[in-house]
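Heads up, the thing below is written out as structure tokens.
Each reported figure results from applying straightforward, stated rules to the coordinates on display, with no laboratory input. Only a predicted model underlies this, so the values are computations on that prediction, with no experimental measurement involved.
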Amino acid sequence: MGRWEPNASGRLGRAAMELYLERGFDQTTVADIAERAGLTKRTFFRHYADKRDVLFIGVTPLRERIMKAITQAPADLSPVAVLTLGMQAGAEMIQERPEDVKLRQAIIDAHPELQERELVKLAGLAADMASALRGRGLGEWNARLLAETGVAVFRVAFARWVANSAQGPLTRAVGETMAELAPLIAEG
């Protein structure tokens, strides 16, 4: 093996996903992933903290995109509209690779430890969104309520989108799910 290989991170990610599908997450080792990618374990750990990280590496760019949309939204928009823009910005990123997203979600859905990690990541995202909403002048508790609601709406929209074979834009699913929420609240 050469000391430098182009697109090592991408190759490791693809190898991991293939192996998770073939063998299962628990039965796949870092050594297996590195070997499949034609790289070393050391190279793996330069790109990923552990084998779970392969599935969650996209969280940081997703969070950054959502935060940017919230913080740069026009000042005259309502907090709900701002949050919807943020979620749709995240959805744009996710919908770029629907097959990879469906595969990733199937792996996570099959493993409780990965489901837990997904929930932790979403809780962090909700905290970041609440902070961004507070930065726009929304009060502490309303910002938390809206951010947590936004994550719940996003999760439902995403689950619906995946269940429908990722057909159509996820951004539309997010907007539709958010729109479905208002009448449900009004009925209360």
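Brief remarks on what is shown
- Taking the longest Cα principal axis of the chain as reference, the axis of helix 79-94 is set at about 20 degrees.
- On Cα atoms only, tilt of 170-187 relative to the major axis of the chain in degrees: 40
- The long axis of helix 59-71 is offset from the longest Cα principal axis of the chain by roughly 20 degrees.
- Of all the options L55, L125, L21, the one that moves most in a Gaussian network model of the chain with Cα springs shorter than 10 angstrom is L21.
- Pairs of Cα atoms nearer than 8 Å and 6+ residues apart set the relative contact order; for segment 74-153 it is 34 percent.
- Listed residues P98, P79, P61, most fluctuating in the chain (Gaussian network, C-alpha, under 10 Å): P61
- Length-normalised contact order of the chain in % [C-alpha pairs under 8 Å, at least 6 apart]: 19
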